[in-house]
Amino acid sequence: MKFLLAALAATIVFVLGVLAWVFLVLIPDLPDLSAVRDYQPKIPLRVYTADNTLIGEFGEEHRDFVPIKEMPDAIKKAVLAIEDARFYEHHGVDYIGMMRAIVSTATGETQGGGTITMQVARNFYLTREKTISRKLREILLARRIEDALSKDQILELYMNQIYLGQRTHGFSSAARTYFNKSLKELSIAETAMLAGIPKNPARHNPAVNFERAKQRQLVVLHSMFKHGDISQDQYEQAKKERLHVTKAPQFESHAAFVAEMVRQQMYAQFKDEIYTSGMKVITTIDRDEQEAAYESLRRNVLAYDQRHGYRGPEAFLDIPTREDLREDAVDEFLQKFPSSEGLTAAVVTAVSPKLIKADLATGESVEISGDGLRLVSAALLPKAKREIKIREGALIRVMQDAKGRWSVTQSPEVDAAYVSLNANDGAYRALVGGFDFNRKKFNHVTSGWRQPGSSIKPLIYSAALEKGFSPSTLVNDVQLSQTTEEALQWDPRNDDGRYDGPVELQRALAQSKNVVAVRVLRAIGATYGRDYLQRFGLDIAKHPVNLTLALGTGSVTPLQMAGAYAVFANGGYQVKPWLIQKVVDGKGKVLFQANVPAVPPEESRVLDRRNAFVMDSMLREVVRSGTGAAASRLGRPDLAGKTGTTSDAVDGWFAGYAGHIVAVSWMGYDEPKSLGGREFGATVALPIWMDAMRHALAGKPDASFAVPEYVVNVDGRWMYAEYENGAGVKTLDLEEKEPTAVIEHQ
């Protein structure tokens, strides 16, 4: 009896001690509930195209806030069925549920003892350490939260705050992350899969561990059926439904350069606020044109890369001989070589001249044969050079076509860029700053300073029109004499090695005659030609004051060239490229609204109307019969543009326009080197431009310009009226001692 009394006394003392500790230590130390009373979700900055397609998201947490009244019943029922079936019955702590959880933990079919309110308390205020004090604090906070908020308010917090993997918080964001749908668009099967994630976001992440996520989904569906939330037929159908989980949002790659440009502009003004306040930015980008530009650039870069042969495996793995070690070794190795959309890293496990077997990071094994080995056929031969030979353990890149057939490819070393603008107001329509943003975040469109090569010639010829030249002016296309003072250190030559003697200026531009361009620049003066570039928005400090200027030895960006050609495309006006149409804060208040006139104001005119019209006619001839003739396959009479190839084919360009859209494409190596002896702007850059513009121009009317006053057509050549009969055209001797000689048109 004494023992029992002593035990009872000890128990009473212990309980009183615990209560004293709770009331004197834990309760006074509980945090203020302002975080849940005045909940301010951290919603990231989101960037959209002009037609409201999400192309970028910036913030530590991917989150949408959806009021509880707008939450579909299906997702609420799924969550409650698996997490807290008695949520609307208990007061924060479900003691019945706790006892049931203890009894049935082995089954895994019922929710745990922690209620949704307790999870809210833990997510907002507590750590996940497994201690008695932390658990008591959780219970006390749950009771206080229940006193402060309604049940719907608590559920709203949970549904928007809970972490669901992939940096995603809240079920609305998770629906978009995993299924690219809104909550209202989810099927019962998809809803159940999302509801199964909170228990263990790492283990039940469907994008990473689909099989485990599927097992958890079946538990959720069974719980929903057991609680009467779905019928027997719905239960059976949902179990069988085939789910398509989005591995990664498309916007992460297709318009990543655009989104990053927006982020930089927004950060410059709003600083860190942009990452949490839910700002929404609407850009000028056209979704379909952006997709077409992205696909065109990727496709043509890969085509160029394959034309120049296989460079060999990226790395090698010594595959363990023990079977139980092989899988982990391959998985760990492949983590070092992330895939670039469509270019999947793989480890070769078996190889012969006619077959490659390889393992992917997904655990899938693939076999490649036939045409799929075309690129690497030489690397499979027994006597293949060591640097390209493919053997067991080689790290290769593979890609799968629409019919499921695999082929070997490689990650390209060359890079490229494409940008298009509305020629009338300067609004961006599409921008791809490089082959792969995740591999290399350098934006070649805005920051890639490269030599423009022959694509600068139209700007020089525009200057020449102001000095008395016309499209019919004859210029002597013969090599410059080595005896002249200017040519002592430099002997410019035509790329094709052909010299035609006296040639019309328009034909010289169409055929990209280097010698003619140099003679024209010498006639008008290098200083005048260099200063004239300011009219097109170029930085003249980056261009030489000598005759090499005519061949594009200065530095430009693709964006600058797009702006320059916009001057020809819009009739003589300089436009400033702009990207952001509207900025809205997290509450829907408009913070910024662009106000750019659809037609350029007269004060922005930099070229005489006649000059712009005549140059447009000359640039159309480049596409009809010159180096840009391949573009004529697009079948539009308003196509105009110019190829550009620098010395040794280090850079390839095409700049052009049609239908009031001006676009520029470029290809080259970041560490400048030749693209190849048979590569030109017409072979590397023009195909990118054509494929992108084919889509951009579809359904758009041809652009036409009214013939300006005092412009006439003579034998198919537009020119200023005062030059119709040669009046005012400078006449120079054509003797060889005058290498820059010009004679009047015939």
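Taken together, the values in this text are just the output of simple stated rules run on the coordinates, not laboratory data. These figures come from a predicted structure and were not determined experimentally. We place every Cβ from the backbone using ideal geometry, glycine too, and count neighbours over all the protein chains shown.
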Given charges at Cβ of Lys, Arg, Asp, Glu: the range 401-476 dipole, positive-most of Ser447, Asn424, Val408: Val408
Sequence-distant residues sharing a close amide H with Trp578 (under 5 Å, placed H): Ala427, Tyr428
Approximate spin-label separation Ala541-Gln234, in nm, with each point projected 7 Å along Cα-to-Cβ: 6.8
Low-density loop cleavage sites - GluC sites (Glu not before Pro) in the range 359-435, where at most 16 other Cβ are within 10 Å (DSSP): Glu364, Glu387, Glu392, Glu413
Overall Cα dimensions of the range 497-625 - principal axes, largest extent first, Å: 69, 31, 28
Distance (nanometres) between label positions extended 7 Å along Cα→Cβ at Glu241 and Asp318: 5.0
Simple label model, 7 Å out from Cα along Cβ direction - Asp496 to Ala594, nm: 4.1
Projected-area average for the range 632-699 over all orientations - Cα convex hull basis, square nanometres: 4.6
Interchain or long-range residues, amide H under 5 Å from Arg63's placed H: His169
For the range 617-664, radius of gyration divided by Kirkwood radius, i.e. Rg to Rh on alpha-carbons: 0.99
Fully extended contour minus Cα-Cα distance, from Phe270 to Ser647, at 0.36 nm per residue: 131.3 nm
Sites matching chymotrypsin sites (Phe, Trp or Tyr not before Pro) across the range 482-564 that sit in DSSP coil, with at most 13 neighbouring C-beta atoms within 10 Å: Trp490
Cross-link table Lys199/Lys271; Lys77/Lys239; Lys181/Lys587; Lys76/Lys214; Lys513/Lys673; Lys467/Lys642, entries beyond 27 Å C-alpha to C-alpha: Lys199/Lys271
Global geometry of the range 197-325, whether rounded, prolate or oblate, following the gyration tensor of its Cα atoms and the 1.5 cut on a/c: oblate
Dipole of the range 219-295, positive end: most advanced residue of Ser277, His244, His227 [Cβ charges, Cα centre]: His227
Placed amide H near Leu591: partners under 5 Å, 5+ positions off or other chain: Val583, Val584, Asp585
Gain on full stretching of the segment that runs from Arg374 to Lys181 - 0.36 nm per residue minus C-alpha separation: 65.5 nm
Debye, to nearest 20: dipole size of the range 419-482, +1 on Lys, Arg Cβ, -1 on Asp, Glu Cβ: 340
Magnitude of the charge dipole, the range 508-655, Cβ model with Lys/Arg +1 and Asp/Glu -1, debye to 20: 180
Lysines with Cα under 24 Å of Lys357, excluding same-chain neighbours fewer than 8 positions away: Lys336, Lys383, Lys385, Lys389, Lys403
Of the trypsin sites (Lys or Arg not before Pro) in the range 646-729, those whose Cβ has at most 16 other Cβ within 10 Å and which sit in DSSP loop: Lys673, Arg678
Calculated FRET efficiency for the pair Ala706/Glu341, C-beta based, R₀ 41 Å, to 0.05: 0.35
Rounded if a/c under 1.5, otherwise prolate or oblate - the range 589-628, Cα gyration tensor axes: oblate
